[in-house]
Amino acid sequence: MASALPAPPAPPRASWRGLAPRRPPARCGALLASAAAARSCRYRFRTDDDCVVDVAVAGKEGGAGYAVAVEVPAAHGREGGLVLRPADSGEGVPLAPAASGGALAAELSYDAARAPFHASFVLADAAGAEIRTHRGTSFRVPVGVGRGRPAPLGVSLSDDGAANFAVYSKSAKGIFLCLFADGGGDEPALEIELDPYVHRTGDVWHVSLESVEGYASYGFRSGLFAMFGIDRPLLDPYAKVIGDFVPGDSSVNEDVPSVRCLASLKNAPRYSWGWDKHPCLPLEKLVVYRANVALFTKDKSSGLPDNAAGTFSGLAAKVEHFRHLGVNAVLLEPVFPFHQAKGPYFPYHFFSPMSLYSSERSSVSAIKSMKDMVKAMHRNEIEVLLEVVFTHTAEGGAECQMISIRGIDGPSYYIADGVAGCNACVLNCNHPVTQKLILDSLRHWVLDFHVDGFCFINAPFLVRGPSGEGLSRPPLLEAIAFDPVLSKTKIIADPWSPLDMSNVQFPFPHWKRWAEINTRFSMDVRKFLKGEALISDLATRLCGSGDMFSSRGPAFSCNYVSRNSGLTLVDLVSFNSDELGSEFSWNCGEEGPSQNDAVLQTRLRQIRNFLFILFVSLGIPVLNMGDECGHSAAGSTSYKDRGPLNWKALKTNFVKEVSGFISFLSALRSRHVDIFQRREFLKLENIHWYGSDLSEPRWEDPTSNFLCMHINAELDGEMPDSTGGDLYICFNANGESLGATLPALAEGSMWLRLVDTSLTFPGFFSSESDPKVHQVLGFSSYQVKAHSCVLFESRRVLS
């Protein structure tokens with residue numbers, strides 16, 4: 001007799017409801033002997049009268065449905081026989097002697113279209129007395145639900161419609177898989193409780209479903225915070241496609257914000273990478289541009305359609321801007337899904353890109369859009385690097401947010417007591433489980449998105465142990481350094497912390513693999529141009545920061561003068577109030593916007609000086625978004641005060657001048673491979689230092705703000721791409737001009753002045769091939785104007 005089973009998805013919480021089966025034949029053979037073994041599961045229950053009941057569930061051949069067979073030892077038979085009574089069905093099925101003898105058996109059949117569900121029943125004798133489990137509950141077995149596999153974590157969807165779910169939770173006593181219907185709704189359409197004796201291997205909970213048709217999304221419920229009124233479905237930490245934040249019901253606990261984000265039951269569409277390949281540029285050849293995906297093209301001045309502005313597609317559309325600047329790597333601020341109020345440095349998931357960065361504002365669209373962007377960058381020989389935050393999440397804090405791992409297994413993933421002075425949930429990065437999560441995420445971005453490298457924000461927290469103590473050899477950092485997939489990528493440590501806005505350099509374990517964002521470079525260059533640094537500090541930064549990278553080389557130093565936290569480049573030369581003391585900025589004589597021509601000219605020189613020193617220093621120059629076009633935050637150091645890039649500014653003379661200068665400096669580095677694009681430090685015999693007029697530099701004099709640097713070209717077989725001669729570079733941070741005597745050259749050679757930041761545009765920089773380039777003889781004196789830098793290159797002149 002066919003039953004009227006509800007078509008999926010069932011009403012809320014319907015998964016525990018026993019479903020009425022079709023009546024089987026009067027006699028069953030051996031326990032599901034004819035069932036397909038590959039789709040069978042067996043269960044044994046202890047009864048309340050100290051006997052056993054064996055139950056087997058199997059899929060019929062050809063996917064025709066399911067059979068549930070029940071066997072009871074014959075010795076347990078009662079007078080008048082036993083009846084199997086399915087839940088919600090008044091009609092029972094009598095147990096008959098099995099063909100093999102020694103047992104009483106019955107078999108129930110169910111339609112395949114109804115799966116997954118749970119079949120629930122009790123046994124009853126002729127008098128109506130019920131036999132239940134030893135816990136006093138009905139017998140309940142899953143149909144269309146298998147034991148599953150503990151690996152891989154997350155959801156695995158197969159071509160035949162089956163799905164395997166696996167999630168790590170050492171703390172949970174039970175896990176519920178919650179499935180939501182296509183139409184959405186606050187309550188799950190189907191909820192499956194995972195039996196710890198069946199669906200748990202070690203600390204991984206897993207379950208398989210033969211079909212998820214009719215369901216759109218899923219989450220896990222752990223019950224860890226049920227006593228606090230928080231027991232909503234949580235986002236799978238390993239989900240690859242996710243949904244948006246969904247407001248939930250806060251009526252149970254009004255003090256805890258109720259938001260929910262679920263994982264999708266759809267695979268990301270297959271993507272054709274074609275002939276795409278990683279550019280695989282050596283570290284020393286990089287010129288990096290740091291950008292925020294949204295702010296880069298969000299402004300209407302970008303000229304992009306509304307559905308492309310502020311997206312990955314918008315970034316790809318501006319690839320010619322990067323090419324013009326000479327940039328060959330873009331460093332993107334975090335693209336993981338993040339808490340919009342807190343910003344991109346507070347993620348809540350690590351395996352998918354932010355949906356808002358796509359034209360359709362969906363996870364699937366963002367995945368494709370980001371891959372298209374990476375492909376476009378690679379086609380133009382530009383690498384894509386990602387800033388990543390693995391030290392904390394958007395969960396916890398004063399808002400008590402619970403979105404994913406905090407509710408699934410917070411004690412394993414997070415440092416129990418957090419970190420002093422920090423309100424966010426701090427990840428226990430060196431715990432084996434968190435370490436695996438991070439490594440799996442990084443590999444996912446490399447293998448699935450073709451990302452070329454990563455910059456790890458808040459790097460000091462990556463060396464901490466479970467109690468917040470520093471580790472001399474952090475297992476996570478070592479694992480990243482020697483991972484077979486990640487070892488081919490760029491890995492960079494950034495000491496800046498979005499938690500307390502600190503930015504302090506510290507000894508970082510590197511295994512000669514980790515590069516670092518060089519905060520000291522920024523501070524020492526700012527102090528020098530302000531006239532407050534020892535020239536020895538400037539010399540150290542120019543030569544690749546040997547005090548920090550002596551065991552690695554200058555190519556591991558990522559140099560910058562401004563970044564997305566702190567003052568922008570224009571604001572560095574426009575503001576220096578008491579509140580900005582730690583920025584070492586100088587307003588050039590007047591605070592804020594100015595109409596004073598002398599002040600404006602000094603500011604322009606200082607901008608040129610910052611860029612010049614950045615590019616003539618050994619290491620990797622890192623430009624910040626807006627450095628090339630006078631982007632200002634009105635003196636604010638807050639990340640939240642950064643606005644979208646104004647593309648109209650690119651048409652102004654100021655921006656044409658600055659962007660042209662950056663392009664020139666990028667080309668200069670490429671032409672002088674032997675000097676600027678080095679894996680090793682310069683040889684001591686090839687560097688000569690001078691004060692004014694070839695005198696000895698006053699290294700330890702705090703009032704000395706003038707330095708000259710003579711670099712001999714190393715033209716040999718190891719540097720085949722280098723085409724330049726010797727360089728003589730002067731740096732003057734004084735308020736008055738000083739004379740620089742140029743060293744003597746071989747007969748027939750001249751010094752060509754390629755840069756003088758004190759001159760007007762377009763004459764302040766020139767190509768060596770320019771017939772009008774200014775020529776200077778050796779031993780000639782040259783006046784280096786106040787607050788300016790000058791660069792000469794030696795070149796043999798035809799007579």
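Pulled fully out, how much extra length does the chain show between ASP160 and GLU696, if you take 0.36 nm times their separation in residues and subtract their Cα-Cα distance? Don't jump to the answer; show the numbers that get you there.
Values: separation 536, 0.36 × 536 = 192.96 nm, distance 7.84 nm.
Here the segment from ASP160 to GLU696 would lengthen by 185.1 nm.
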Nearest-0.05 FRET efficiency for ARG42 and ASP244 at R0 = 51 Å, using Cβ-Cβ distance, is 0.80
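Dipole of segment 45-157, Cα-centred, from +1 at each Lys and Arg C-beta and -1 at each Asp and Glu C-beta, to the nearest 20 debye?
Values: 10 positive and 13 negative charges, 104 e Å.
Dipole about the Cα centre, nearest 20: 500 debye.
Work out, in µm²/s and without decimals, the Stokes-Einstein translational diffusion coefficient of the chain at 10 °C, 1.306 mPa s, Rh from Kirkwood over C-alpha pairs.
52
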extent check for segment 476-579: Cα max minus min per principal axis, descending, whole Å, gives 48, 32, 20
Taking a straight Cα-to-Cα line shorter than 25 Å from LYS436, and setting aside same-chain lysines fewer than 8 residues away, one finds LYS170, LYS173, LYS240, LYS266, LYS371, LYS488, LYS490, LYS512
Quarter of the surface of the C-alpha convex hull for segment 683-796, i.e. direction-averaged projected area in nm², equals 8.0
For the PHE779, GLU478 Cβ pair and Förster radius 51 Å, calculated FRET efficiency rounded to 0.05 is 0.40
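Below 8 Å between Cα atoms, with a sequence gap of 6+, how large is the relative contact order for the chain in percent?
8
Can you give me the relative contact order of segment 303-377 as a percent, contacts being Cα pairs under 8 Å and 6 or more apart? Please list the in-between numbers first.
On the way: 91 pairs, mean separation 24.9, N = 75.
33 percent.
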Each label sits 7 Å from Cα toward the beta-carbon; between ASP372 and GLU714 the label points are separated, in nm, by 4.5
Listed with the fewest Cβ neighbours within 10 Å leading, HIS392, HIS510 appear as HIS510, HIS392
Per-residue Cβ contact counts at 10 Å, fewest first, order CYS280, CYS730, CYS543 as CYS280, CYS543, CYS730
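Report, please, the projected area of segment 383-518 averaged over directions, based on the convex hull of its C-alpha atoms, in nm². Show your work: numbers first, answer last.
On the way: hull surface 32.8 nm².
Dividing the Cα hull surface by four gives the mean projection, 8.2 nm².
What order do you get for 564-577, 592-605 when each peptide is scored by the mean count of other beta carbon atoms within 10 Å, highest first? Walk me through the intermediate numbers first.
Values: 564-577: 22.6, 592-605: 15.4.
In descending order of packing, they fall as 564-577, 592-605.
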Pseudo-spin-label distance TYR197 to GLU591, built 7 Å along Cα→Cβ, given in nm, is 7.5
Contour minus Cα-Cα span, ALA99 to ALA112, at 0.36 nm per residue, comes to 2.0 nm
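Nearest 20 debye, what's the magnitude of the dipole of the chain about its Cα centre given +1 on Lys and Arg Cβ and -1 on Asp and Glu Cβ?
Details: 75 positive and 87 negative charges, 299 e Å.
Dipole of the chain, to the nearest 20 debye: 1440 debye.
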If the chain between SER769 and SER737 were fully extended at 0.36 nm per residue, the gain over the current Cα-Cα distance would be 8.7 nm
For the chain, longest principal axis from Cα atoms; helix 432-449 axis from its Cα atoms; angle between them, nearest 10 degrees, is 70
Ordering 516-523, 672-679 by per-residue average of other C-beta atoms within 10 angstrom, highest first, gives 516-523, 672-679
Protection proxy (average C-beta count within 10 Å per residue), highest first, orders 351-357, 530-536 as 351-357, 530-536
Out of GLY581, PHE482, ALA56 - ranked by how far each Cα lies towards the positive end of the dipole of the chain, with unit charges on the beta-carbon of charged residues - the top one is ALA56
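As an exercise, use a Förster radius of 35 Å and the Cβ-Cβ distance of ALA416 and ARG323 to find the FRET efficiency, rounded to the nearest 0.05. Before the final figure, lay out the partial values.
Values: r = 49 Å, r/R0 = 1.41.
Efficiency at R0 = 35 Å is approximately 0.10.
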Least to most buried among PHE312, PHE549, by other C-beta atoms within 10 Å and fewest first, runs PHE549, PHE312
The lysines whose Cα lies under 23 Å from the Cα of LYS527, excluding any fewer than 8 residues away in the same chain, are LYS785
Here the convex hull volume per residue of segment 495-534, taken over Cα atoms and given in Å³, is 98
For the chain, whose charge dipole is built from +1 on Lys and Arg Cβ atoms and -1 on Asp and Glu Cβ atoms, the candidate among LEU727, GLY161, VAL335 with its Cα farthest towards the positive end is GLY161
Excluding residues fewer than 8 positions from LYS648 in its own chain, the lysines with Cα under 20 Å of it are LYS298, LYS300, LYS318, LYS656
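So for segment 163-207, averaging the separation of alpha carbon pairs under 8 Å that are six or more residues apart and normalising by length, what relative contact order in percent results? Intermediate values should be presented prior to the final figure.
Working: 59 pairs, mean separation 21.2, N = 45.
Relative contact order here is 47 percent.
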Of the residues ALA316, ALA99, PRO621, the Cα lying farthest along the dipole of the chain towards its positive end, which is defined by charges on the beta carbon of Lys, Arg, Asp and Glu, belongs to ALA99
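Read-outs throughout are calculated quantities, based only on the coordinates presented, and are distinct from any laboratory measurement. These numbers were taken from a predicted model, which means no experiment stands behind them. All Cβ positions, even for glycine, are placed from backbone atoms using ideal geometry, and neighbour counts span all protein chains on display.
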